[in-house]
Amino acid sequence: MVEADPGVRSVRRAVGILKLLASQPAGWRLSDVARHCRLGKTTTHRLLAALLDEGMVIQEAGSRRYALGHELVRLGRAAGRADIGDLARPALLRLARETEDTVFVSVREGVEAVCLDRAIGAYPIKTLTLNVGDRRPLGVGAGSLALLAQLPDAEVDEAIESNRTALAAYPAFAPELLTELVARTRRQGYAFNDGRVIRAMSAVGVPVFDPTGRACAALSVAAINERMGAARVRWIVDRLQAEAEGIRARMAAAAQPPALAEAPA
């Protein structure tokens, strides 16, 4: 059946692409998307580009494959479906209560990090450096840097190169400096942003691993510099890592099929 309305036709094609991408978490190449959806490559590229702009789709930096983006996850949350944001929310609230500072959960989308959620502590001076939905080049900020440092070297280099223009807005995260920060993060086991985004504010971040060992998110705490002495940073790192492990365990539990009830004797 041929759609009379070209707008409706485009919507149906875009939805078809999203359904295809959902069938394979590892992602699809453009040519495969075009073939499976029976579309020309030009049309497929145009639709994917629009979906990328809206955050519905991401393109993995290393493989160039297309996969579902976290904007769909956020929409799913609005519909009541569980995701990393839902799993992390109790951890954010606990950390905000214990540290009295601002806590964030971030996820990677291509060569960007997106703030998925945040919780604000009771300390009078607030560090609201990120709003939910804000995007930064991968590596800019503690949570974002924690995510970048988990990538293989080749993907780190590709992400930095892809963001070279965007990084110009963050002089303290210039490409050559970002390479050094990745190495430091790997040595320390956590990311530390010592006033590189806003001079008076610092943050510490750790990755959240899924049950397969992939870094699927990052938790971070931001505070004024005076609250980020070495001893307190170590304590915050310990708490972040404990909560990250708790999220991983909840993800593993959620992935388990429900136990079958025993048949009556």
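The values are calculated or read from the model by the stated rules, or taken from the named source; none is laboratory data. In this text, all values refer to a predicted model and were calculated from it rather than measured experimentally. All Cβ positions, glycine included, derive from the backbone under ideal geometry; neighbour counts span all protein chains shown.
Structure values in brief
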item	result
Flag if Gly110 is more than 30 Å from Glu161 (Cβ to Cβ), within 23 Å of the chain's Cα centre (by Cα) and modelled with pLDDT under 90	no
Subset tally (residues that are within 29 Å of Asp134 (Cβ to Cβ) and either in a helix (DSSP H, G or I) or acidic (Asp, Glu) (or both)) for the stretch 34-56	10
Matching helices (runs of 4 or more DSSP H) fully within the stretch 57-168 where at least 2 residues are in contact (Cβ under 8 Å) with a residue 40 or more places away in the chain and within 23 Å of Arg232 (Cβ to Cβ)	84-99, 142-148
Qualifying residue in the stretch 138-160 (condition: over 22 Å from Phe209 (Cβ atoms) and touching a Phe, Trp or Tyr at 6+ places or on another chain (Cβ under 9 Å))	no
Whichever residue in the stretch 215-237 is touching a residue at least 60 places away in the same chain (Cβ under 8 Å) and not in a strand (DSSP E or B) and, among such residues, is surrounded by the most Cβ atoms within 10 Å (Cβ to Cβ)	Ile236
Test for Asp5: is it modelled with pLDDT of 90 or more and of a type outside the set (Ser, Thr, Tyr)	no
Residue satisfying all of: in the stretch 170-205; part of a loop (DSSP other than H, G, I, E, B) and among the β-branched types (Val, Ile, Thr); surrounded by the fewest Cβ atoms within 10 Å (Cβ to Cβ) among these	Ile198
Failed item in (1) of a type in the set (D, E, K, R); (2) surrounded by fewer than 20 Cβ atoms within 10 Å (Cβ to Cβ); (3) touching an Asp or Glu at 6+ places or on another chain (Cβ under 8 Å), with Glu158 passing the rest	(3)
Scope the stretch 125-150; condition at pLDDT 95 or above and surrounded by fewer than 23 Cβ atoms within 10 Å (Cβ to Cβ); matching residues	Gln150
